[in-house]
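The values are calculated or read from the model by the stated rules, or taken from the named source; none is laboratory data. This structure is a prediction, so every number in the text was calculated from the model and none was measured. Cβ sites come from the backbone with ideal geometry, for glycine too, and all protein chains shown count toward neighbours.
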Amino acid sequence: MVYYIRFLKTPRTQIVKPGLVSVSTLISITTDLGDAFLAEDVVLQAQLIDGTDINTKSNVLQESIFNWEAGKRELSISIGPVRVGSKISKVVLAIGPKTSSATLYTDLSNSRNVPLVISGWSAPFSIAQNAPAEKLIERRFILQDTRLRIWEETGNNIARHIWDAALAAIICLQDTINSSGECSMPRLQSRLRTKGKLQVIELGSGCGVVGIALAQILSNCSVTLTDLAEVDDIMTRNLQLSAPGSSTRFKVLDWEEELDADILQEPIDLVLVSDCTYNADSLPALVKTLDRLVQSSPEAVVLVSLKRRHESEAVFFDLMRQSALVVMEEAVHTLPAPYLDEDRIEMYIFARNKSSQSN
Ligand SMILES: C[S@@+](CC[C@H](N)C(=O)[O-])C[C@H]1O[C@@H](n2cnc3c(N)ncnc32)[C@H](O)[C@@H]1O
């Protein structure tokens with residue numbers, strides 16, 4: 001399993017004297033679930049970046065090295081004093097594993113390049129006031145042909161951060177489109193290489209990382225990201241940040257409710273489901289929603305990406321079978337884990353069982 005830099009206290013500046021500031025923050029490095037701290041020593045690099053126009057340039061004002069030690073639950077980071085020019089009103093603090101690369105972007109272009117620790121960027125914060133940055137953390141990824149930026153919230157909200165299965169799904173989608181890497185799913189490939197417009201819907205999309213990545217990788221799809229209303233703000237932020245590609249939109253879709261007619265208007269080609277099987281109580285509603293979508297679009301295929309955390313998740317497969325949604329393809333994708341170990345993420349392509357349809 002990969003580990004994520006998290007802000008326990010978002011960064012803030014302290015003015016030492018005019019034009020000279022220090023920046024401090026408190027971080028942790030945990031799993032997606034937040035249930036384990038990284039138990040391995042890692043050298044971290046912190047970059048203080050001019051945040052006045054972070055979208056167009058990345059001017060590093062100061063870099064410092066810190067050591068995360070196995071057994072620790074948090075690390076205090078303090079940079080400076082740093083001289084800051086009068087034109088700079090905001091700064092951004094980025095923290096990630098020290099690598100040979102000058103940027104701290106996380107490389108998802110190839111499964112072998114994925115680092116154990118996923119870097120994070122703060123929201124821009126003022127150097128004039130001693131106010132902390134917003135409670136957000138941005139992840140920046142290198143994909144095969146594009147770069148992806150996604151905001152998460154700090155804190156432990158399940159929906160408003162990125163999960164491991166999402167990272168594996170993105171790598172798998174790229175590998176499948178480009179016939180590269182370890183994830184080969186021919187049926188998914190032929191669907192992704194469809195000539196016309198590909199209608200995609202993602203269920204439980206959280207921050208939207210998988211659907212937005214696909215929309216950036218392909219130029220011919222229309223992606224509807226769906227989740228509970230609680231992701232509205234973070235999703236709006238991420239949709240605004242996303243690079244040009246295919247069209248994207250967000251709709252509230254609660255698996256416990258009837259589907260909106262708007263969702264069923266156009267035939268769906270691909271349904272994305274990443275890390276949504278962790279809660280056995282919600283599985284009947286999830287499968288009912290998948291069943292309803294595939295009934296209205298019988299040619300649709302469903303890509304499910306999951307990391308098994310407990311045995312109760314097996315119920316998902318029973319429920320899918322009962323709904324005549326059968327596994328057409330499967331693959332295992334690995335992400336790094338501490339001490340050079342590997343973590344398994346399972347990928348499945350489900351489709352409607354045609355023989356049960358004709359019965
Ligand atoms: C573990 S998160 C995965 C988020 C994202 N797919 C990812 O992999 O990063 C599970 C998602 O399922 C969503 N979810 C849970 N119950 C739901 C329901 N009844 N209807 C719609 N979405 C739901 C949560 O809000 C959350 O965003």
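Just so you know, in region 158-173 the residues that are β-branched (V, I, T) and within 8 Å of the ligand (Cβ to nearest atom) include one that is modelled with the lowest pLDDT, and it is I158. The residues in region 108-131 that are touching a helix residue (DSSP H, G or I) at 6+ places or on another chain (Cβ under 9 Å) and crowded, with 18+ Cβ neighbours inside 10 Å can be counted, and the count is 5. Considering region 149-168, the residues that are out of contact with any Lys or Arg (no Cβ under 7 Å at 6 or more places or on another chain) and farther than 22 Å from V252 by Cα include one that is surrounded by the most Cβ atoms within 10 Å (Cβ to Cβ), namely A168. Residue check: is V304 within 15 Å of the ligand (Cβ to nearest atom), among the hydrophobic types (A, V, I, L, M, F, W, C) and at negative phi? Spelling it out, V304 is indeed within 15 Å of the ligand (Cβ to nearest atom), among the hydrophobic types (A, V, I, L, M, F, W, C) and at negative phi. Of the residues making up region 140-157, those that are in a loop (DSSP other than H, G, I, E, B) and within 16 Å of the ligand (Cβ to nearest atom) are L143, T154, G155, N156, N157.
Taken together, the criteria exclude L306 from residues that are surrounded by fewer than 22 Cβ atoms within 10 Å (Cβ to Cβ) and either hydrophobic (A, V, I, L, M, F, W, C) or not assigned by TED's automatic domain parsing to the domain that holds L198 (or both). Looking at L303, is it under 19 Å from the mean Cα position of the chain (by Cα) and either assigned to a helix (DSSP H, G or I) or under 19 Å from V200 (Cα atoms) (or both)? Yes, satisfied.
So that you can scan it fast, the table gives a plain yes or no per residue for (1) buried (at least 18 other Cβ atoms within 10 Å of the Cβ); (2) within 30 Å of P336 (Cα to Cα):
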{"position": "S22", "(1), (2)": "no, no"}
{"position": "T25", "(1), (2)": "yes, yes"}
{"position": "S28", "(1), (2)": "yes, yes"}
{"position": "D35", "(1), (2)": "no, yes"}
{"position": "V42", "(1), (2)": "yes, yes"}
{"position": "D50", "(1), (2)": "yes, no"}
{"position": "S64", "(1), (2)": "no, yes"}
{"position": "N67", "(1), (2)": "no, yes"}
{"position": "S76", "(1), (2)": "no, yes"}
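Listed by position, the helices (runs of 4 or more DSSP H) inside region 182-283 whose residues that are exposed (fewer than 14 other Cβ atoms within 10 Å of the Cβ) and away from the ligand (no atom under 16 Å from the Cβ) number at least 2 are 186-192.
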